[in-house]
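Okay, so here's the structure we're looking at.
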There are 2 protein chains.
Amino acid sequence: MNPNEAKNSEANIEDGVAERSFEIEVAGETIHGLIWAPEGARGPRPLLLMGHGGGQHKGFPPMVAGARRYAATMRYAVVAIDAPGHGARATPETQARFAAPFRQPVEPGKGVGTRALEVMMEIALQAAPEWRAVLDHVQSFDFVGSAGPVGYLGVSMGAMNGIMLAADEPRITAAALGLAGLRDEIPQLAEAVGRLRAPVEFAMQWDDELVPRSAALALFDRIGSAQKTLHANPGKHAELPMFERAGWVQFFARHLGTGA
Amino acid sequence: MNPNEAKNSEANIEDGVAERSFEIEVAGETIHGLIWAPEGARGPRPLLLMGHGGGQHKGFPPMVAGARRYAATMRYAVVAIDAPGHGARATPETQARFAAPFRQPVEPGKGVGTRALEVMMEIALQAAPEWRAVLDHVQSFDFVGSAGPVGYLGVSMGAMNGIMLAADEPRITAAALGLAGLRDEIPQLAEAVGRLRAPVEFAMQWDDELVPRSAALALFDRIGSAQKTLHANPGKHAELPMFERAGWVQFFARHLGTGA
């Protein structure tokens, strides 16, 4: 790693978890990341990539709380970055661009509009190589290393980003995804879903106003992985039950183990 | 409890779990049951009813192993009985009657034949009042009592029996079910599913040759409970992954707690 390309901060310790920020350059863009690990961690351990949802960012408090729990109780390293146009990368233009398609009323049963889908797909296509460079970068840290297994966790836009990454990234050996669906307007997503090979736990909301039920079921059906599990619960897009988040811990413990 | 109606055996202790057998009379039929509890257990605790599948019986080894684990690690009482025409209640006639409809080849995508479905529905309708009498009986044991919560666990025919029981049994406050579906030939099942109110975790197999995918999804959709979760995995009827069985422990821990 060329020191001109990466800036890593000192660790900020809180409740036994060390948080570091870093920046790397990818294709002319600055990628801003946060990484959490147990205080004093040394040597390889499972690494969990966390992809935030649309309109959120790497410091979205519920995601950070989850990241800290994985570091504290599972002794994982956990990394989050700002997606294109989000967080430190947001400008009035990108914010307007990403927000506008969502302001339109959703037709019952139809899900988000075509323009919003296309915007998220553009983000996912850009995010995949960025995530790959971030994975290279953080595996150079001595408390991560390249010997430990790698998982991905993200729902909604975070799931789309994770699918486009994991389809071509054999280092990812388990993915917890959800709140996304196949739509004719974004055939690239279906194609990538079919190339997934890692075990997947996929969460859908039975009454999701943004993702039609049939689109989510079609996505699960198309996942190419031999091991895949669908979890469905009643409720809307933002109403994923807390026990599903607890269940992800079981899923990753099964597939990534725990850190030493 | 009239001592003429019930016969309870002495406890048989193994690995810290006490197993007792009992018999009660219900509508002129002798119901044979087994009940497991932690060795030396006293006072109320969560009670789990386990319903076996078609062609199995109360002593089906994988079910008994599960029952013993709930008793040992969760400190539950667990009860299993022979369904009508099964186990101690099987005769050459009932065995032939229950086996014959299953011998016919299954048409792809169609699921089990109408006659087999009707036979299982008859069993479920008879099993529900039997289970209710068993629940009354075992709640009279001092190591069970009536103050603890009650759960039901059963898949396939065991799920049909559980649905017909739980729909009219408010003592059941959590049910793990699966491998069943709604079919036009058995409208009583759909009706009962709609009356469920307890939290349900429902497991389906995505490639179930006996339960069409659409029938299982329709059953989940129809469940009347506000809290319900669908778990779907690839594979056939008999291929439910072991991690789903582990997941039931989390489900019951959430809803029934653990024994003292």
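The values are calculated or read from the model by the stated rules, or taken from the named source; none is laboratory data. Model, not experiment: these values are computed from the prediction. Ideal geometry is used to build each Cβ from the backbone, glycine not excepted, and the neighbour counts take in all protein chains shown. Ligands, DNA and RNA are stripped out before the accessible areas are found, and what is left, the full protein with its side chains, is counted by its heavy atoms. Shrake-Rupley method; radii C 1.70, N 1.55, O 1.52, S 1.80 Å.
A few points about this structure:
- For the range A:171-199, the set of residues classified as closer than 22 Å to residue A:45 by Cα and part of a strand (DSSP E or B) consists of A:172, A:173, A:174, A:175, A:176, A:177, listed by residue number.
Here's the yes/no breakdown for (1) in contact with a strand residue (DSSP E or B) (Cβ under 6 Å, 6 or more places away or on another chain); (2) touching a residue at least 40 places away in the same chain (Cβ under 8 Å); (3) of a type in the set (Phe, Trp, Tyr):
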site	(1), (2), (3)
B:138	yes, yes, no
B:145	no, yes, no
B:156	no, yes, no
B:164	no, yes, no
B:180	no, no, no
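- One residue stands out in the range A:249-260 among those that are in a loop (DSSP other than H, G, I, E, B) and surrounded by 15 or more Cβ atoms within 10 Å (Cβ to Cβ): the one that is nearest to the other protein chains (Cβ to nearest Cβ), namely A:257.
- Among the candidates B:43, B:55, residue that is farther than 24 Å from residue B:147 by Cα and in a loop (DSSP other than H, G, I, E, B): B:55
- Members of the range A:144-159 found to be open to solvent by 10 Å² or more (accessible area, probe 1.4 Å) and either more than 22 Å from residue A:94 (Cβ to Cβ) or assigned to a helix (DSSP H, G or I) (or both), listed by number: A:145, A:146, A:147, A:148, A:149, A:153
- Meets criteria (within 14 Å of chain B (Cβ to nearest Cβ), modelled with pLDDT of 95 or more, closer than 30 Å to residue A:37 by Cα and touching a Leu at 6+ places or on another chain (Cβ under 6 Å)) for residue A:176: yes
- Condition check for residue A:70 on (1) in a helix (DSSP H, G or I); (2) over 26 Å from residue A:167 (Cα atoms): one failure, at (2).
- Failed criterion for residue B:90 (all others in (1) open to solvent by 40 Å² or more (accessible area, probe 1.4 Å); (2) over 24 Å from residue B:248 (Cα atoms); (3) modelled with pLDDT under 95 hold): (1)
- Some residue of the range B:124-143 being over 20 Å from the mean Cα position of the chain (by Cα) and farther than 19 Å from residue B:33 by Cβ: no
- Complete set of residues in the range A:160-207 that are crowded, with 22+ Cβ neighbours inside 10 Å, touching a helix residue (DSSP H, G or I) at 6+ places or on another chain (Cβ under 6 Å) and among the β-branched types (Val, Ile, Thr): A:163, A:172, A:193
- Subset of the range A:191-248 (residues that are over 20 Å from residue A:117 (Cα atoms), among the β-branched types (Val, Ile, Thr) and more than 8 Å from chain B (Cβ to nearest Cβ)): A:200
- When the range B:1-20 is filtered for residues that are part of a strand (DSSP E or B) and over 23 Å from residue B:258 (Cα atoms), the ones remaining, listed by number, are B:6, B:7, B:8.
- Residue within the range A:12-30 that is within 23 Å of residue A:180 (Cβ to Cβ) and either free of Cβ contacts under 8 Å to residues at least 60 places away in the same chain or open to solvent by less than 50 Å² (accessible area, probe 1.4 Å) (or both) present: no
- All of (1) open to solvent by 10 Å² or more (accessible area, probe 1.4 Å); (2) touching a residue at least 40 places away in the same chain (Cβ under 8 Å) hold for residue A:33 with one exception: (1).
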